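*Asks:* Sharing a structure, written as structure tokens. Questions coming.
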Amino acid sequence: MKPIDFDERYADFAEKWVRENMKKYKSIEQMEAHLPKVYIRFLNQSADWLEGKTPSEYFQQFTSPEQLIELLQDYQEQQVDVPDLLLERLVELGNPSVEPLLMLASDESMPEALRVTALNLLIELGSDAPMPLCLELVDSRGEYDDLADVAAELLAAIGHAAVAPMLDRLADAGDDALATYLDLLCNFPGDSRIYEYTMRQFQRDADRRALFASYLGKIGDERAVEPLIRALQLSDLNYLDYIEIRNAIELLGSDANLPERSFEGDPYYESMRQMN
């Protein structure tokens, strides 16, 4: 059985409403402003394609997270848009949804989009249970990695409880994983390793100099001021580097006291100048 396409059904419902009501409105904007109420009406109106149930009632009949996850997989396999109502029901079921979603997010045989959806739902559920998986996903991350990005969001949501495990991984982390951990840890300054690893990466990773400068500004350790001022004088500095380093120095309560540099011809500088 093909999963029910709720988006398509709502599109038909809204199109019919527009045809029947377009003469009541003076502009398209006025009509569009009314569409949220049309959607609520759609959710609460019984439908023959749901055997008399309303869309808002349909997924309430499922009390097992496993059933809903099977439906979620069916939607993915048959390339039908997943209804928000299905996802909302999984979150509504609360703690019983955590383990099945964690199993889905951990299953490397599943499509990445499904695993990302599972991680996003776990963020909404506010559980610490996915932390080991999230650390593994960040540890093995590539430069562009949606799964690792969502895993990092989940670690950020976990907050202080994730700090010590992330600190323990800094020594063995690859450059991309290290950048992710430092991005998270700079919001929890206090351990000297956060400053030391961030400064090391700032000094050795020229391609991400601006990124690590912004982290140093957040960390708030005044030891960074002098290395940052010296970095402003580097000959290979681009305009974005310059701006982020200068901003970090100012965040640390200092002033570089250096003459302005010319960055004419720098693509970022020229785009900013055109905007102004």
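*Asks:* Once you place label points 7 Å from the Cα toward the Cβ at ASN95 and ASN257, how far apart are they in nm?
*Replies:* Label at ASN95, label at ASN257, 5.9 nm between them.
*Asks:* Here is a further query. Please report the equivalent ellipsoid semi-axes of segment 192-276, computed as sqrt(5 x eigenvalue) of the Cα gyration tensor, largest first, in whole Å.
*Replies:* Result for segment 192-276: semi-axes of 23, 13, 11 Å.
*Asks:* Express the accessible area of the chain per residue in Å², computed with a 1.4 Å probe while the remaining protein chains stay in the model.
*Replies:* Each residue of the chain exposes 57 Å² on average to a 1.4 Å probe.
*Asks:* For segment 129-144, in order, what is each residue's ³J(HN,Hα) by Karplus, 6.51 cos²θ - 1.76 cosθ + 1.60 with θ = phi - 60°, in whole Hz (x at glycine and Pro)?
*Replies:* 4, x, 4, x, 4, 4, 5, 5, 5, 5, 4, 9, 5, x, 5, 10
*Asks:* Pairwise over distinct Cα atoms, reciprocal of the mean inverse distance: report the Kirkwood radius of the chain in Å, one decimal place.
*Replies:* 22.6
*Asks:* Quick one: pull the percent of accessible area on the chain belonging to carbon and sulfur, 1.4 Å probe, ligands and nucleic acids left out.
*Replies:* That share works out to 47 percent.
*Asks:* If the viscosity is 0.890 mPa s and the temperature 25 °C, what Stokes-Einstein diffusion coefficient in µm²/s follows for segment 87-145 when Rh is the Kirkwood radius over Cα pairs?
*Replies:* Value of D from the Cα-based Kirkwood radius: 209 µm²/s.
*Asks:* Next up: What FRET efficiency would be calculated for the residue pair GLU51, HIS160, taking the C-beta separation as r and a Förster radius of 45 Å, to the nearest 0.05?
*Replies:* 0.40
*Asks:* Report the percentage of all Cα-Cα pairs in segment 22-135 whose separation exceeds 24 Å, rounded to a whole percent.
*Replies:* Value for segment 22-135: 39 percent of Cα pairs lie more than 24 Å apart.
*Asks:* Please compute the length gained on full extension between GLN233 and ASN247, using 0.36 nm multiplied by the number of residues separating them and subtracting their Cα-Cα distance.
*Replies:* 3.5 nm
*Asks:* Suppose R0 equals 51 Å. What FRET efficiency, 1/(1 + (r/R0)^6) with r the Cβ-Cβ distance, do LYS23 and GLU270 give to the nearest 0.05?
*Replies:* Result of the calculation: an efficiency of 0.50.
*Asks:* Right, something else. For ALA129 and ALA206, what is the calculated FRET efficiency with R₀ set at 51 Å and r taken between the beta-carbons, to the nearest 0.05?
*Replies:* Efficiency computed from Cβ-Cβ geometry: 0.85.
*Asks:* Given the DSSP H assignment, sum -39500 (n - 2.57) over each helix run of at least 4 residues in the chain and divide by its residue total; what's the result at 222 nm in deg cm²/dmol, nearest 500?
*Replies:* Per the formula, -18500 deg cm²/dmol.
*Asks:* Among the lysines, select those whose C-alpha is under 18 Å from the C-alpha of LYS23, and discard any that sit fewer than 8 residues away in the same chain.
*Replies:* LYS37
*Asks:* Could you tell me, in Å, what Rg and Dmax come out for the Cα atoms of segment 110-223?
*Replies:* Rg, Dmax (Cα atoms, Å): 14.0, 46.
*Asks:* Right, next: Kindly write out, for segment 49-61 in residue order, the coupling ³J(HN,Hα) from the Karplus curve 6.51 cos²θ - 1.76 cosθ + 1.60 (θ = phi - 60°), rounded to whole Hz, with x marking Gly and Pro.
*Replies:* Coupling constants for segment 49-61: 6, 10, 6, x, 6, 8, x, 5, 8, 4, 7, 5, 6 Hz.
*Asks:* Something else about it: Can you give the charge dipole size of the chain about its Cα centre, rounded to the nearest 20 debye, using +1 on the beta carbon of Lys and Arg and -1 on the beta carbon of Asp and Glu?
*Replies:* 1000
*Asks:* For the chain, find the longest principal axis of its Cα atoms and tell me its angle to the long axis of helix 209-219, 0 to 90°, nearest 10.
*Replies:* Between the helix axis and the principal axis of the chain, the angle is about 90 degrees.
*Asks:* Further question: When the Karplus curve 6.51 cos²θ - 1.76 cosθ + 1.60 is applied with θ = phi - 60°, which whole-Hz ³J(HN,Hα) does each residue of segment 185-194 get, with x for Gly and Pro?
*Replies:* Values per residue, Gly and Pro as x: 6, 5, 8, 10, x, x, 8, 4, 4, 4 Hz.
The values are calculated or read from the model by the stated rules, or taken from the named source; none is laboratory data. These numbers were taken from a predicted model, which means no experiment stands behind them. Quick reminder, even Gly has a Cβ in these numbers, built from the backbone with ideal geometry, and neighbours come from all protein chains shown. For the accessible areas, the whole protein counts, side chains as well, though only heavy atoms, and no ligand, DNA or RNA atoms are used. Shrake-Rupley method; radii C 1.70, N 1.55, O 1.52, S 1.80 Å.
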